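Novice: I'd like to ask some things about the structure below.
The values are calculated or read from the model by the stated rules, or taken from the named source; none is laboratory data. The structure displayed is predicted, hence computed values, not measured ones. Note that we place each Cβ from the backbone using ideal geometry, even for glycine, and neighbour counts take in every protein chain shown.
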Amino acid sequence: MLSRRRHSDGRVDRYFLLLSLVALLAFAVREQFVLTTIVDAPIRGDIREYVNYAWNLVHHGVFSAQAPASGHIPSPDAYRLPGYPLLLALGMTWFPQDLAWISFVLQVQVLLGTATVVLVGLLAREWLSSTWSITAAGLLAMWPHHIAATGAMLSEVVFGFALLAGLFCFSRAWRERRVVTWFAAAGASLGYAWLVNPILLPFPFALYVLAWRHGQGRGAAFMLAVFLLPVAAMIIRNANINAPNSGSLQRAQLNFVQGSWPTYHKAANRFRAGDPIAISIMEQIQQEADALQDDPLHGARMIESRMSAQPGFYVRWYASKAWLLWNWKIQLGASDIYYHDVKRSPLDRAPLHWIVVAYRVINPLLTTLLLAGCVTVPAMGWRQRRWVPAAAVSGLALYLTIAHVVLQAEPRYAIAYRGLEAVIVASLCAFGVDRFRQRLD
């Protein structure tokens with residue numbers, strides 16, 4: 001089941017045929033979702049910020065989240081990075097009439113979601129048999145959250161594609177050993193992933209350390225250099241911006257404060273309805289965030305004072321956040337797996353509805369396997385060279401889980417990581433079946 005790379009041409013052809021069929025299925029369900037689902041308000045919440053950035057880029061050449069105003073040139077800021085707004089800006093440039101650019105963005109996400117499914121199959125094939133590789137690809141192909149995310153102009157689908165592309169290129173570079181091109185491609189993919197979501201920043205350095213331990217430090221250093229090009233470019237650009245409390249650090253501080261409040265998600269949802277308790281909670285969260293940004297020591301003391309009043313409660317809260325990240329129901333969204341309020345979703349009708357039910361039932365098992373893989377597989381890659389690609393996948397999932405435990409644990413964010421989860425779950429299942437067969441023999 002594991003590490004089967006040498007097959008006859010017939011078996012290789014059969015594998016690629018099956019992967020193509022899975023890709024076709026993934027494309028079909030995502031395209032059906034985008035074409036048939038009705039979203040009354042496609043621009044809301046975080047999407048509004050992305051749209052503002054894109055609109056200001058196209059019309060003013062300025063990267064700013066300020067709402068468009070007639071005759072007003074917005075001031076640049078660094079609250080978000082340009083990776084995802086650039087896709088929206090491309091759509092606005094090519095399809096300026098009415099809101100046709102929205103259809104362009106969603107169609108690109110259909111293609112990138114499908115490509116992510118293919119990458120899952122190809123990446124898993126670096127150490128799994130063709131059967132388990134197809135299983136991993138099929139698991140992501142029908143994943144309800146990943147399908148539904150295709151219809152929302154949020155960064156999860158794009159971020160997930162860039163992550164998988166970077167890991168696949170790293171794995172190919174590892175297998176080819178001397179092919180610097182694959183290392184460069186890995187650095188470029190991870191660099192773009194960082195431009196979509198800066199949470200990735202420390203991970204390429206960990207990849208370099210892992211590669212250096214197994215004698216591939218030179219190639220990994222080239223990967224790291226390519227990755228750091230957009231990072232350096234944004235640092236230089238942001239150094240010339242005089243916009244207080246508008247950088248990625250301030251955004252991370254806000255996420256940290258929000259993530260320290262167990263009631264944040266419920267309060268954020270009820271805040272728009274004018275719930276007085278929710279308004280009070282959101283005001284307290286904002287006060288702590290402002291204090292942390294203005295005077296980090298004072299802000300930290302405010303948070304410490306709140307937590308010290310109920311230490312056991314907050315210990316349990318943070319202990320549960322790893323599970324909450326990979327949970328089922330999106331907290332900051334309309335309902336269940338949707339960010340938007342939707343009508344005529346094919347996921348709400350048979351036969352896809354039964355697939356949604358099946359995934360909901362097995363989600364606790366998938367999460368258990370994922371967390372087990374995050375803990376065990378990275379250590380295998382540290383000890384043995386052949387497990388490095390698998391360790392890179394599991395190590396990234398482990399790092400992202402820890403990062404969201406510190407910041408916010410929201411299943412919407414995990415949509416970008418479902419491809420990692422599919423690979424890890426298939427790997428642990430393959431390992432378990434192998435061990436079971438060995439005992440029978």
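Novice: So, in segment 38-65, how many residues would count as being crowded, with 18+ Cβ neighbours inside 10 Å, of a type in the set (A, V, I, L, M, F, W, C) and in a loop (DSSP other than H, G, I, E, B)?
Specialist: Residues that pass the stated criteria total 2.
Novice: Could we say that residue 136 is within 22 Å of residue 426 (Cα to Cα), modelled with pLDDT of 95 or more and surrounded by fewer than 24 Cβ atoms within 10 Å (Cβ to Cβ) here?
Specialist: No.
Novice: Another question about this same structure. In segment 11-56, how many residues are touching a residue at least 12 places away in the same chain (Cβ under 8 Å), closer than 29 Å to residue 334 by Cα and hydrophobic (A, V, I, L, M, F, W, C)?
Specialist: Count: 15.
Novice: Given the structure, is residue 367 in contact with a helix residue (DSSP H, G or I) (Cβ under 7 Å, 6 or more places away or on another chain), more than 21 Å from residue 134 (Cα to Cα), of a type in the set (Ser, Thr, Tyr) and at pLDDT 95 or above? Walk me through it before giving the result.
Specialist: Details: in contact with a helix residue (DSSP H, G or I) (Cβ under 7 Å, 6 or more places away or on another chain): yes; more than 21 Å from residue 134 (Cα to Cα): no; of a type in the set (Ser, Thr, Tyr): yes; at pLDDT 95 or above: yes.
No.
Novice: Restricting the search to segment 182-205, which residues are closer than 13 Å to residue 225 by Cα and not hydrophobic (A, V, I, L, M, F, W, C)?
Specialist: Once the filter is applied, which keeps residues that are closer than 13 Å to residue 225 by Cα and not hydrophobic (A, V, I, L, M, F, W, C), segment 182-205 yields 187, 189, 191, 204.
Novice: Are any residues in segment 403-419 of a type in the set (A, V, I, L, M, F, W, C) and under 10 Å from the mean Cα position of the chain (by Cα), and if so, which ones?
Specialist: 414, 415, 416
Novice: Say whether the condition of being more than 15 Å from residue 396 (Cβ to Cβ), surrounded by 23 or more Cβ atoms within 10 Å (Cβ to Cβ) and of a type outside the set (A, V, I, L, M) is met by at least one residue in segment 168-181.
Specialist: Checked segment 168-181: no residue is more than 15 Å from residue 396 (Cβ to Cβ), surrounded by 23 or more Cβ atoms within 10 Å (Cβ to Cβ) and of a type outside the set (A, V, I, L, M).
Novice: Please verify whether segment 358-367 includes one or more residues that are of a type in the set (A, V, I, L, M, F, W, C) and either touching a Phe, Trp or Tyr at 6+ places or on another chain (Cβ under 8 Å) or closer than 21 Å to residue 163 by Cα (or both). Show your work before the answer.
Specialist: Going through segment 358-367, the residues of a type in the set (A, V, I, L, M, F, W, C) turn out to be 358, 361-362, 365-366.
Checking which are either touching a Phe, Trp or Tyr at 6+ places or on another chain (Cβ under 8 Å) or closer than 21 Å to residue 163 by Cα (or both) leaves us with 366.
Yes, the conditions are met somewhere in segment 358-367.
Novice: Moving on to the next point. Which one of these does residue 111 not meet: (1) crowded, with 22+ Cβ neighbours inside 10 Å; (2) more than 16 Å from the chain's Cα centre (by Cα)?
Specialist: (1)
Novice: Further, regarding this structure: Residues that are under 24 Å from residue 52 (Cα atoms), modelled with pLDDT of 95 or more, outside any loop (DSSP other than H, G, I, E, B) and within 14 Å of the chain's Cα centre (by Cα): does segment 203-214 have at least one? Step through it out loud before you land on a result.
Specialist: Restricting attention to segment 203-214, the residues satisfying the condition of being under 24 Å from residue 52 (Cα atoms) are none.
Within segment 203-214, none of the residues are under 24 Å from residue 52 (Cα atoms), modelled with pLDDT of 95 or more, outside any loop (DSSP other than H, G, I, E, B) and within 14 Å of the chain's Cα centre (by Cα).
Novice: Does segment 234-275 hold any residues that are touching a Gly at 6+ places or on another chain (Cβ under 9 Å) and either modelled with pLDDT of 90 or more or more than 17 Å from residue 408 (Cβ to Cβ) (or both), and which are they?
Specialist: Correct list: 238, 241, 257.
Novice: Quick one: which helices (runs of 4 or more DSSP H) lie wholly within segment 234-294 and hold at least 3 residues that are in contact (Cβ under 8 Å) with a residue 40 or more places away in the chain and in contact with a Phe, Trp or Tyr (Cβ under 9 Å, 6 or more places away or on another chain)?
Specialist: The helices (runs of 4 or more DSSP H) meeting that bar are 248-259.
Novice: Output yes when any residue across segment 98-115 is assigned to a helix (DSSP H, G or I) and touching a His at 6+ places or on another chain (Cβ under 7 Å), and no when none is.
Specialist: There is at least one residue in segment 98-115 that is assigned to a helix (DSSP H, G or I) and touching a His at 6+ places or on another chain (Cβ under 7 Å).
Novice: Does any residue of segment 414-422 turn out to be of a type in the set (Ser, Thr, Tyr), crowded, with 22+ Cβ neighbours inside 10 Å and under 16 Å from residue 133 (Cα atoms)?
Specialist: Looking through segment 414-422, none of the residues is of a type in the set (Ser, Thr, Tyr), crowded, with 22+ Cβ neighbours inside 10 Å and under 16 Å from residue 133 (Cα atoms).
Novice: Next up: Among what's in segment 328-359 and is outside any helix (DSSP H, G or I) and hydroxyl-bearing (Ser, Thr, Tyr), pick the residue that is farthest from residue 259 (Cα to Cα).
Specialist: 345
Novice: Pull out all pairs, ordered by first then second residue, where Cβ-Cβ is under 7 Å, the residues are six or more apart or on different chains, the first lies in segment 342-369 and is without any contact (Cβ under 8 Å) to a residue 12 or more places away in the chain, and the second is in a helix (DSSP H, G or I) and surrounded by 12 or more Cβ atoms within 10 Å (Cβ to Cβ).
Specialist: Hits for this filter: 353/347.
Novice: Another one. Of everything in segment 253-280 that's surrounded by 16 or more Cβ atoms within 10 Å (Cβ to Cβ), in contact with a helix residue (DSSP H, G or I) (Cβ under 8 Å, 6 or more places away or on another chain) and among the polar types (S, T, N, Q), which residue is farthest from residue 312 (Cα to Cα)?
Specialist: Here the residue is 253.
Novice: Looking only at residues in segment 66-95 that are modelled with pLDDT under 85 and at negative phi, which one is surrounded by the most Cβ atoms within 10 Å (Cβ to Cβ)?
Specialist: Out of the qualifying residues, it is 68.
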